[in-house]
Amino acid sequence: MTQNKSLSTQEVAQILHVSKSTIYELIRRGELSSYKIGRKVRFTQDDVDAYIARSRHEASTRPVQRIDTHSTLLTPPDRGRPEIILAGQDVVLDILAGFLELSDLTAGRSYLSGFEGLLALYQDRVHAAACHLYSPAAGVYNHSFVQHLLPGVPAALVNLSYRMLGFYVPRGNPKNIRGWEDLWRRDVTIVNRRLGSSTRILLDGQLARMGIDSRDVRGYDKIMKSHLTVAAAIAGGEADLALGTQRVAGAMEGIDFVPLQEERYDLVMKKVFLESQPGQRLLAILNDPAFRREIQPFSGNDYRDLGKILMEV
């Protein structure tokens, strides 16, 4: 499945591990968005990802406005937007938006990658951008990207979590995949993420570090939209490995996980916003024990520095 391919009812049922009749019931109740081509029901990956995100925390949050923030530098900011717009793709941000709504702040969500989110932050089209962008040359997360994508803009990196990143491989790891060097093997095929995604940036950085030409990596040009879809591709036998987070591996049948490195997931804000009343409210929620209790049970992340300002640039 490429990022623009529509999904059938059967494909969505397989992704969610439910029956087709359950999918039709979710559509009837308005819980899962869909569209029709003739008489056939079709879905986008965004529809599926949004349903998964909502289902994980619907009991504790109110619906928040979804913001479709385009990544072009030429698009002027829209007016009349929520008081806080959060960019990023982790469900923790959906829960955070819900807590902001409950504290009487209007909140919106923009499901951009970390790279695109920092660009949107630079343009004042979002107020906070979550990212986990690794620089192999510096050996650190996020700092160098913030410096380059927000040039001359004072900003703060507030930690959300740490999480393990690694390879999804078929159950039993039949090709004995152990590390980055296996990307060069001619008997190994991968599935990749789109340009601008944090995992794609990490992969490209590691290939450059090892002197591997991406054209020599089988499957490099097979692009999928999310950790969930690449994990499903591995479980379905479409490839031998894909890069993703341990949390998704634990929720997907038919795959194993080969850990590679711990990644740091930060929320980046301009200092002028962080010092404002909405910014301070956001920081207070991140440090609220109730928020920690809400995200702890299901996420599989390490929250040892949650809410801490780790760095200012």
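The values are calculated or read from the model by the stated rules, or taken from the named source; none is laboratory data. Every value quoted in this text rests on a predicted model; they were computed, and no experiment measured them. Here the Cβ positions follow ideal geometry from the backbone for every residue, glycine too, while neighbour counts run over all protein chains shown. SASA here: full protein model, heavy atoms, side chains in, ligands and nucleic acids out. Shrake-Rupley method; radii C 1.70, N 1.55, O 1.52, S 1.80 Å.
Taking a cut-off of 23 Å, what percent of all Cα-Cα pairs in segment 196-313 are separated by more than that?
Here the tail beyond 23 Å accounts for 48 percent of pairs.
Rounded if a/c is under 1.5, else prolate if a/b is larger than b/c, else oblate: which is segment 108-152, with a ≥ b ≥ c the root eigenvalues of its Cα gyration tensor?
oblate
Calculate, for segment 164-313, the solvent-accessible area per residue in square angstrom, rolling a 1.4 angstrom probe over the heavy atoms of the protein chains.
44 Å²
Going through the cross-link list K36/K175; K20/K225; K40/K225; K222/K270; K36/K225; K175/K225, which pairs have a Cα-Cα distance over 32 Å in this structure?
K36/K175; K222/K270
Near the amide H of L32, under 5 Å away, which other amide H atoms are found, from residues 5 or more places off or on another chain, if H is placed in the peptide plane?
I27
Among [x] 17.7; [y] 21.2; [z] 16.8, which is the computed mean projected area of the Cα convex hull in nm²?
[z]
Given Cβ point charges of +1 (Lys, Arg) and -1 (Asp, Glu) and nothing else, what value in debye, to the nearest 20, does the dipole of the chain about its Cα centre take?
The calculated dipole for the chain is roughly 660 debye.
Please list the non-local residues whose amide H lies under 5 Å from the amide H of A155, H modeled 1.01 Å from N, same-chain partners needing a gap of 5 or more.
K271, V313
When we measure straight from the Cα of K271, which lysines land under 22 angstrom away, once same-chain ones fewer than 8 places off are left out?
K308
Got the relative contact order for the chain handy, in percent, Cα pairs under 8 Å and 6 or more residues apart?
Relative contact order, the chain: 21 percent.
Which order do peptides 102-113, 157-168 fall in by mean Cβ count within 10 Å, highest first?
The densest-packed peptide leads the list: 157-168, 102-113.
Report the one residue of A138, L207, A239 whose Cα lies farthest in the direction of the positive end of the charge dipole of the chain (charges on C-beta: Lys and Arg +1, Asp and Glu -1; origin at the Cα centre).
In the chain, that residue is A239.
Give me the percent of accessible area attributable to carbon and sulfur for the chain, probe 1.4 angstrom.
50 percent
Say the dipole of the chain comes from +1 at the beta carbon of Lys and Arg and -1 at that of Asp and Glu; which of S110, G300, A13 then lies farthest toward its positive end?
A13
Dipole magnitude of segment 237-308 about its Cα centre, charges +1 at Lys/Arg Cβ and -1 at Asp/Glu Cβ only, in debye to the nearest 20?
600 debye
Cβ neighbours within 10 Å, averaged per peptide: list 22-33, 276-287 in order, most packed at the top.
Put in order of decreasing packing, that is 276-287, 22-33.
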